[in-house]
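The values are calculated or read from the model by the stated rules, or taken from the named source; none is laboratory data. Predicted, not measured: the structure shown is a model, and the values here were computed from it. Virtual Cβ from ideal backbone geometry, glycine too; neighbours counted across all protein chains shown.
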Amino acid sequence: MPPESLRMRFREELRVLEDQTLGALDMVVSTLDRALEALKHQDIELASIVIADDDRIDGRFLEVHQGVLSLLALQSPVASDLRVVAALLHVIKHAERMGDQCVNVAKLIPLSGHEPPRDKRLIEMVEEMGRLARSEVQQSKQAFALRDVALAEDLVRQDERINRLNRDAFKLAVQIGTDEDTREWAMHMMLVARALERLGDNAVDIGEQVAFVVTGLFREFSDASHP
């Protein structure tokens, strides 16, 4: 096969892999929606569906990972394409981790029982975190598809709001009262908030890959070791 034809084939296969990878983020959004719906209505059956359905995201991870290895075996990419290939491995890894965080939320739902005690303020904080996390996943996908560094960097702004809500939820949970059932439910909500906070962190990580693809330099948008 002529070199030019090989190049065109490589680019087409790379495009397919990118579509599969970004499609995994759509799967995450759908899974997150179901997890949050199950949490809102304490729907244990829906939570079990979320847990079982994680195999789809895991399968997509393996599919993209194997596709990248096959692509590299076919032809050595030039620098710009190699950055995309490397970034796709990172993005699909973060998508798989996001799916795991949705599962973590779903697994907490049966532990609270069908009609657990609920605190309106804590519920509102967690629901807002869920909306922000969903927005971050969608925005990270859009930023990567458009190679939009400014849009990727804006993820930090949303993530800071999630981080603040996570801290506020923690403070409220530890002060919620002395009733044992209420405190146990609040501890579960703290873990839900933590899962949503981690989901947002993964979206920011995807944004960092956008900057890497565009500029060729990797940099962290925010450094957790420095306030």
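Looking only at the range 189-220, filter to residues that are closer than 12 Å to residue 154 by Cα and touching a Leu at 6+ places or on another chain (Cβ under 7 Å); which one of those is surrounded by the most Cβ atoms within 10 Å (Cβ to Cβ)?
203
Check residue 115 against each of (1) assigned to a helix (DSSP H, G or I); (2) in contact (Cβ under 8 Å) with a residue 12 or more places away in the chain; (3) more than 17 Å from the chain's Cα centre (by Cα) and name the one condition it does not meet.
Of everything listed in (1) assigned to a helix (DSSP H, G or I); (2) in contact (Cβ under 8 Å) with a residue 12 or more places away in the chain; (3) more than 17 Å from the chain's Cα centre (by Cα), residue 115 misses just condition (1).
Exactly one of (1) within 18 Å of residue 196 (Cα to Cα); (2) surrounded by 15 or more Cβ atoms within 10 Å (Cβ to Cβ); (3) of a type outside the set (Val, Ile, Thr); (4) out of contact with any Phe, Trp or Tyr (no Cβ under 8 Å at 6 or more places or on another chain) is unmet by residue 93. Its number?
All conditions are met except number (4).
Answer with yes or no whether residue 151 is closer than 30 Å to residue 208 by Cα and either part of a helix (DSSP H, G or I) or basic (Lys, Arg) (or both).
On the way: closer than 30 Å to residue 208 by Cα: yes; either part of a helix (DSSP H, G or I) or basic (Lys, Arg) (or both): yes.
Yes.
Any residue that is touching a residue at least 40 places away in the same chain (Cβ under 8 Å) and not in a helix (DSSP H, G or I) - is there at least one of those in the range 127-138?
Step one: of the range 127-138, the residues touching a residue at least 40 places away in the same chain (Cβ under 8 Å) are 127, 129-130, 132-134, 136-138.
From the residues that got through so far, the ones that are not in a helix (DSSP H, G or I) too are none.
No, the range 127-138 contains no residue that is touching a residue at least 40 places away in the same chain (Cβ under 8 Å) and not in a helix (DSSP H, G or I).
Among the residues of the range 35-49, is there at least one that is out of contact with any strand residue (DSSP E or B) (no Cβ under 7 Å at 6 or more places or on another chain), over 19 Å from residue 195 (Cβ atoms), among the hydrophobic types (A, V, I, L, M, F, W, C) and surrounded by 19 or more Cβ atoms within 10 Å (Cβ to Cβ)?
Residues of the range 35-49 out of contact with any strand residue (DSSP E or B) (no Cβ under 7 Å at 6 or more places or on another chain): 35-49.
When the remaining residues are screened for being over 19 Å from residue 195 (Cβ atoms), the result is 45.
From what's left, among the hydrophobic types (A, V, I, L, M, F, W, C): none.
No; the residues of the range 35-49 include none that is out of contact with any strand residue (DSSP E or B) (no Cβ under 7 Å at 6 or more places or on another chain), over 19 Å from residue 195 (Cβ atoms), among the hydrophobic types (A, V, I, L, M, F, W, C) and surrounded by 19 or more Cβ atoms within 10 Å (Cβ to Cβ).
On the basis of being modelled with pLDDT of 85 or more, assigned to a helix (DSSP H, G or I) and either touching a Phe, Trp or Tyr at 6+ places or on another chain (Cβ under 8 Å) or under 30 Å from residue 8 (Cα atoms) (or both), does residue 106 make the cut?
Working: modelled with pLDDT of 85 or more: yes; assigned to a helix (DSSP H, G or I): yes; either touching a Phe, Trp or Tyr at 6+ places or on another chain (Cβ under 8 Å) or under 30 Å from residue 8 (Cα atoms) (or both): no.
No: the conditions fail for residue 106.
If you take the residues in the range 58-82 that are touching a Phe, Trp or Tyr at 6+ places or on another chain (Cβ under 8 Å), surrounded by fewer than 19 Cβ atoms within 10 Å (Cβ to Cβ) and part of a helix (DSSP H, G or I), which one is modelled with the lowest pLDDT?
For the range 58-82, the residue satisfying everything is 74.
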